[in-house]
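Please read the structure below before turning to the comments.
The values are calculated or read from the model by the stated rules, or taken from the named source; none is laboratory data. Bear in mind the structure is a predicted one, so any value in this text is a computation, not a measurement. Counting neighbours? That spans all protein chains shown, and the Cβs are built from the backbone with ideal geometry, glycine included. Surface accessibility is based on the protein's heavy atoms, side chains included, excluding ligands, DNA and RNA. Shrake-Rupley method; radii C 1.70, N 1.55, O 1.52, S 1.80 Å.
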Number of protein chains: 2
Amino acid sequence: MELVNIRDLYRNKEQYLEQTVTIGGWVRSIRSSKNFGFIVVNDGTFFEPLQIVYHDALENFAAVEKLNVGAAVIVTGKLVATPQAKQPFEIQAEEVVIEGESAPDYPLQKKRHTFEYLRTISHLRPRTNTFEAVFRVRSLIAYAIHKFFQERDFVYVHTPLITGSDCEGAGEMFRVTTLDMDNLPRTEEGKVDFSKDFFGKSTNLTVSGQLNGETYAMAFKNIYTFGPTFRAENSNTTRHAAEFWMIEPEIAFADLNDDMILAESMLKYIIRYVLENAPEEMQFFNNFVDKGLIDRLTHVAESEFARVTYTEAIEILEKHNDKFDYKVSWGADLQTEHERYLTEEIFKRPVFVTDYPKEIKAFYMKLNEDGKTVAAVDCLVPGIGEIIGGSQREDDYDKLLERIKELGLNEEDYKFYLDLRKYGSARHAGFGLGFERCVMYLTGMSNIRDVVPFPRTVGNCEL
Amino acid sequence: MELVNIRDLYRNKEQYLEQTVTIGGWVRSIRSSKNFGFIVVNDGTFFEPLQIVYHDALENFAAVEKLNVGAAVIVTGKLVATPQAKQPFEIQAEEVVIEGESAPDYPLQKKRHTFEYLRTISHLRPRTNTFEAVFRVRSLIAYAIHKFFQERDFVYVHTPLITGSDCEGAGEMFRVTTLDMDNLPRTEEGKVDFSKDFFGKSTNLTVSGQLNGETYAMAFKNIYTFGPTFRAENSNTTRHAAEFWMIEPEIAFADLNDDMILAESMLKYIIRYVLENAPEEMQFFNNFVDKGLIDRLTHVAESEFARVTYTEAIEILEKHNDKFDYKVSWGADLQTEHERYLTEEIFKRPVFVTDYPKEIKAFYMKLNEDGKTVAAVDCLVPGIGEIIGGSQREDDYDKLLERIKELGLNEEDYKFYLDLRKYGSARHAGFGLGFERCVMYLTGMSNIRDVVPFPRTVGNCEL
């Protein structure tokens, strides 16, 4: 069918005005008078809907009049300017084909539904204004990320989802198995015999693609991953999901400074891309979801990010310990309240905090010369706190091996990782951006369940 | 560090010639004479390496001379044209900083290694010519797919990986669980009690995002998915992996014809993008992996794809039954040998085969008026057979429900899917492209293990 997207009508108005066009979409609202009526139609390609005027000259006027919200229609008619009205134009219908009716119990009537209710109908909620906006912006952010890295010749690497090792030691994992749970094979010692499992061993869902990503950075110099990761944490918060997407770039011949430059450019690029390509959606969020959003994002895109070491940050924060639930002191991890205070109250812009105590960071981070801190960095942004965590990686074979042993990790599991330090080791760094957190940040949505199409959280795996 | 990518030197030669530049990369080969030598360096940003000339004027000449293949170096020097040589230019080194040496047992010496051997060192193989080419092209194909759909305003949807239902009924699935395998909770009847599992029920890894994708197409009109899918099939072939990526677009107010137009444009777009953006890699594949590749792809990009119904195809193939291991007859599924015969011998170009018997296709495909066939389509291409499978979906509530019951599927599992036919049903169609199969097709690589960074197959889950 030769249908025009409503997006094209809005974006290339001049081309279509006074022309006969055909659009297909879903009824958002309908009202009728004696011998004419209005249908507001959205086809999902553009945030603003389109008004259709129809008259009793239509063959199927009676049927059209009775349409319910949600019905699918294909409308042909002339696109005419409406200089007196709020909307720029409308279609004067010559034909309204009813593609699919909408049953009277349609769960999305023209009233405001709560986000909680809409979560129970995740297959229908993208038909509402808020979720149409969220999921289009989510799509645009994903594309902006690919575009940013590809324009810089980064290689996109699909790191594996099913993994044989808990490499980061980062929290609880989901087991992946094809063993018959009702009839588990046992070893002579009576343990479950995972050598009989699909992969011949015990396997889990990945918590990070970083270590695999590093192997590719040591071949391609600059790479990024963008894929799903999993955490089996039993935490029911507005910021945690069991399944989420991560972006993990890794750059070789690069240090922590290069890493910060990359993170800052990427965030600014994404913000600009979304403001430019989804102005209607962003205005909607600014008006109805998070007042001040656009100003805040514009400010971030235009600020030079501040930089402070962890040690300096602690000194600053200690002066304000009366304001915090958790008092800060050197050696302790920063809580969200501290992070937000730093970025919102002290620096009033995004800030990179660097060089954390090695005890509170992962084994693979590069030890600084002081022997106490590592070349880690967190990027904190107003309104949210930490959005990115990264580090320069330990590239010295002996130091890395020592740290692996110190922490009681299994050396054999990290042989491939040590190989990278044995054969042409190069300084390198990278960071992780939680994609959903990024979507929340850019839309102002405050619950992760509302930025994932079909969220997976503890006790919840619908559709 | 201010390093120049070797890609930039090649692509913007004029800007760098006679200038002093600094590059960082890994030694591919080295040879030395009495008081000078050559290092061939690759930095992973470009398929062609760069030659470095060094002299005994270097402070660390003795150390440089002894470098092993695989070592990481940072080289500063003037880029000079070499009109007499094969390569367009070289660097006359003023400084060679040894970033990381390469141990003498480096597994990638300058000789030809078999693909089988390289599979055992998946963390190092992207440092070889073949795999550098494969994985850069893989990255470019992924981006081309996003670009194609985003330029057409399709919304990218992340459908879930962990799922509570086996919706397509498509083969064996991996179970996802956090239950303690050594101590499984039991119901009163003695069965494993999955209500105690993380999601409160039995869950698996998805085999397709299509049904979820359809819910979004009925909101956004045009959407695509691009994410991992899983099959726990115990098949050890060159074409099957347990974990692979799929692209599944779905278009509303669209029929099978629109679906074919979309598939054809997408394939041509990807081919053109890769030929344009990776000419060196494609030439390499053409020379060393699959002679005739470039001609074949160019032909596909320039052909109008043929179209034939399944019934017509069977009539054609029956005349050649003497050539096939499996004889064809109406009602049987096409084997790869038949598919290849059709596209290579009969049509000599890509061909869409449409309207298959309903018995050999999925429940959700739209029943044709003949009551015997469904609006399914497979796209067959020379050299490979089926690369895309799609269909128009059944959009009639009653017919879909009947089919669900006929096949003994659980109606309750499909309530959300039936809702799409109850509230504003619109004709819609979509297809699935196996990403790895697409990468194999475009590179000429013949084993799926060689186009996945870290392949997962039965008995194999390394790194």
Next item on the list: Could you work out the relative contact order of region B:176-290, using alpha carbon pairs under 8 angstrom and six or more residues apart, expressed as a whole percent?
Entry: 17 percent
Next item on the list: Calculate the length of the line joining the C-alpha centroid of region A:396-463 to that of region B:340-361, in whole Å.
Entry: 44 Å
Check: So which aspartates and glutamates pass the test for B:K13, namely a Cα distance under 12 Å, with those fewer than 8 places away in the same chain ruled out?
Finding: B:E90
Check: How long is chain A along each principal axis, judged by its Cα atoms, biggest number first, in Å?
Finding: 84, 60, 45
Notebook entry, point to check: Normalised by the residues of region B:342-419, what does the relative contact order come to in percent, with Cα pairs under 8 Å and at least six apart?
Noted result: 25 percent
Checklist line | lysines with Cα under 23 Å of A:K147, excluding same-chain neighbours fewer than 8 positions away | finding: A:K221, A:K268, B:K147, B:K268
Notebook entry, point to check: Mind listing P(r) for region A:378-463? All alpha-carbon pairs, 5 Å bins, whole percents.
Noted result: 3, 12, 15, 13, 12, 10, 12, 14, 8, 1
Checklist line | Calculated on alpha-carbon atoms, Rg and Dmax of region A:237-297 in Å | finding: 15.5, 45
Note to self: With +1 on the Cβ of every Lys and Arg and -1 on the Cβ of every Asp and Glu, and nothing else charged, how large is the dipole of the protein assembly as shown about its Cα centre, in debye rounded to the nearest 20?
What the structure shows: 660 debye
Check: Considering only the label points, 7 Å along Cα→Cβ from Cα, what distances in nm to one decimal separate B:N447 from the same position in each other copy, shortest first?
Finding: 5.0
Note to self: Taking the alpha-carbon distance from A:K34 and a cut-off under 12 Å, which aspartates and glutamates remain once sequence neighbours fewer than 8 residues away in the same chain are dropped?
What the structure shows: A:D56, A:E65
Next item on the list: Towards the positive end of the charge dipole of region A:359-447, with charges on Cβ (+1 Lys, Arg; -1 Asp, Glu), say which of A:G434, A:Y397, A:I360 has the farthest Cα.
Entry: A:G434
Margin query: Under 5 Å between amide hydrogens, which residues at least 5 positions from B:F89 or on another chain qualify, with H placed 1.01 Å from N in the peptide plane?
Written below: B:T82
Notebook entry, point to check: Quick one: putting +1 on the C-beta of Lys and Arg, -1 on the C-beta of Asp and Glu, what dipole do you get for chain A around its Cα centre, in Debye to the nearest 20?
Noted result: 980 debye
Checklist line | For residues of A:229-240, the mean tally of beta carbons on other chains within 10 Å | finding: 1
Check: With the contact rule set at Cα under 8 Å and sequence spacing of 6 or more, what percent relative contact order holds for chain B?
Finding: 13 percent
Item checked: Sulfur and carbon atoms: percent of accessible area, region A:328-447 [1.4 Å] -> 42 percent
Next item on the list: Could you work out, residue by residue across A:64-77, how many beta carbons of other chains sit within 10 Å of that residue's beta carbon, and then give the average as an integer?
Entry: 2
Notebook entry, point to check: With every protein chain left in place, what is the accessible area of A:K13 in Å² (1.4 Å probe, nearest 10)?
Noted result: 70 Å²
Check: Where does helix A:129-151 land angle-wise versus the long Cα axis of chain A, in degrees 0 to 90, nearest 10?
Finding: 50 degrees
Item checked: Ascending list, in nanometres, of distances separating the A:E18 label from those of the other copies (7 Å, Cα toward Cβ) -> 5.8
Check: Which whole number gives the average count of other chain Cβ atoms within 10 Å of the Cβ atoms across peptide A:121-130?
Finding: 5
Item checked: Euclidean distance between Cα centres, region A:175-228 to region A:260-297, Å -> 37 Å
Next item on the list: Any chance you could give the angle, 0 to 90 degrees and rounded to 10, that helix B:210-220 forms with the longest Cα principal axis of chain B?
Entry: 90 degrees
Next item on the list: Positive end of the charge dipole of the protein assembly as shown (Lys, Arg +1 and Asp, Glu -1 on Cβ, about the Cα centre): tell me which of A:I141, B:T20, A:H113 has its Cα farthest that way.
Entry: B:T20
Notebook entry, point to check: What net charge do the residues around B:T311 carry, taking every other residue with its C-beta under 10 Å from that of B:T311, with Lys and Arg at +1 and Asp and Glu at -1?
Noted result: -3
Notebook entry, point to check: Which value, in Å² and to the nearest 10, is the accessible area of A:L58 when all protein chains are kept and the probe is 1.4 Å?
Noted result: 20 Å²
Next item on the list: Would you mind checking B:K110/B:K348; B:K191/B:K358; A:K196/B:K110; A:K327/A:K361 for any pair whose Cα atoms are more than 31 angstrom apart?
Entry: B:K110/B:K348; B:K191/B:K358; A:K196/B:K110
Notebook entry, point to check: In nm, one decimal, shortest first: how far is the label point of A:P279 (7 Å from Cα along Cα to beta carbon) from the matching points in the other copies?
Noted result: 3.9
Checklist line | Residue-level accessible surface for A:L9, protein heavy atoms, 1.4 Å, Å² | finding: 0 Å²
Next item on the list: Would you rank A:R393, A:R175, B:R349 by solvent-accessible area, highest first, keeping every protein chain in place and using a 1.4 Å probe?
Entry: B:R349, A:R175, A:R393
Note to self: Report the A-B buried area as the accessible area lost on both sides summed, probe 1.4 Å, in Å² to the nearest 100.
What the structure shows: 9500 Å²
Check: Which value, in Å², gives the accessible area per residue of chain A when a 1.4 Å probe is used on the protein heavy atoms?
Finding: 39 Å²
